[in-house]
1. Out of the residues in segment 1-32 meeting the condition of being over 29 Å from the mean Cα position of the chain (by Cα) and basic (Lys, Arg), tell me which one is nearest to SER71 (Cα to Cα).
2. In this structure, does LYS97 turn out to be at pLDDT below 90 and out of contact with any helix residue (DSSP H, G or I) (no Cβ under 8 Å at 6 or more places or on another chain)?
3. Of everything in segment 54-69, what is without any contact (Cβ under 8 Å) to a residue 12 or more places away in the chain and at negative phi? Give them in sequence order.
4. Select from segment 46-63 the residues that are of a type in the set (Gly, Ala, Ser) and part of a helix (DSSP H, G or I) and list them in ascending order.
5. For segment 1-45, which positions are in a helix (DSSP H, G or I), free of Cβ contacts under 8 Å to residues at least 24 places away in the same chain and of a type in the set (Gly, Ala, Ser)?
6. Looking for whichever is surrounded by fewer than 14 Cβ atoms within 10 Å (Cβ to Cβ) and closer than 15 Å to LEU73 by Cβ here; the options are SER33, SER47. Which one fits?
Amino acid sequence: MAKNLSERIAERMRNKKASVGAQNRGAFLALKSEIAQAISDGWPIKSIWETLHEEGKVKFSYQAFRNYVNSLLLGGKQAGTPPAKAEAAVPQAIQDKPAKPPVPAKQRANEPRANPTAPQPEGFNFDAKPNKEDFL
């Protein structure tokens, strides 16, 4: 009797060699905790990659290493700031404060001004006929 599709796929995957990208990702994931610790200790990503590359633990490029750090460790955040430090940089008062929704421009135009007696800017008025005295 013929095997069902799931069994055939499982057998094919067991016999298939892992791609280079999958091997590189696996190597990074095996070292993920060490890399995260080094980043939290303040080491630059370039120095971490150079050390691991010289030791032969990673054989892929710095750019690929940076992409793995950004996507797997920092979750798409900027590479230079570890997650713990990025959250600590925002003051607690700002974190707890709910964001105000933006006010539409029409609604803002109808609001009274803070100081109605203050002189209002006149704006720009284009005159097609220049005043010759302004050029002298």
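The values are calculated or read from the model by the stated rules, or taken from the named source; none is laboratory data. Keep in mind that what you see is a predicted model, and the values were worked out from it rather than measured. Heads up, the Cβs are rebuilt from the backbone with ideal geometry, glycines too, and the neighbour counts pull from every protein chain shown.
1. LYS17
2. Numbers: at pLDDT below 90: yes; out of contact with any helix residue (DSSP H, G or I) (no Cβ under 8 Å at 6 or more places or on another chain): yes.
The answer is yes for LYS97.
3. Narrowing segment 54-69 to residues without any contact (Cβ under 8 Å) to a residue 12 or more places away in the chain: 54-56, 61, 63, 67.
Within segment 54-69, GLU54, GLU55, SER61, GLN63, ASN67 qualify.
4. Initial filter on segment 46-63 (of a type in the set (Gly, Ala, Ser)): 47, 56, 61.
Of everything in segment 46-63, just one residue is of a type in the set (Gly, Ala, Ser) and part of a helix (DSSP H, G or I), namely SER47.
5. Once the filter is applied, which keeps residues that are in a helix (DSSP H, G or I), free of Cβ contacts under 8 Å to residues at least 24 places away in the same chain and of a type in the set (Gly, Ala, Ser), segment 1-45 yields SER6, ALA10, GLY21, ALA22, GLY26, ALA30, SER33, ALA38.
6. Details: SER47 fails: closer than 15 Å to LEU73 by Cβ.
Going through SER33, SER47 in turn, the sole match is SER33.
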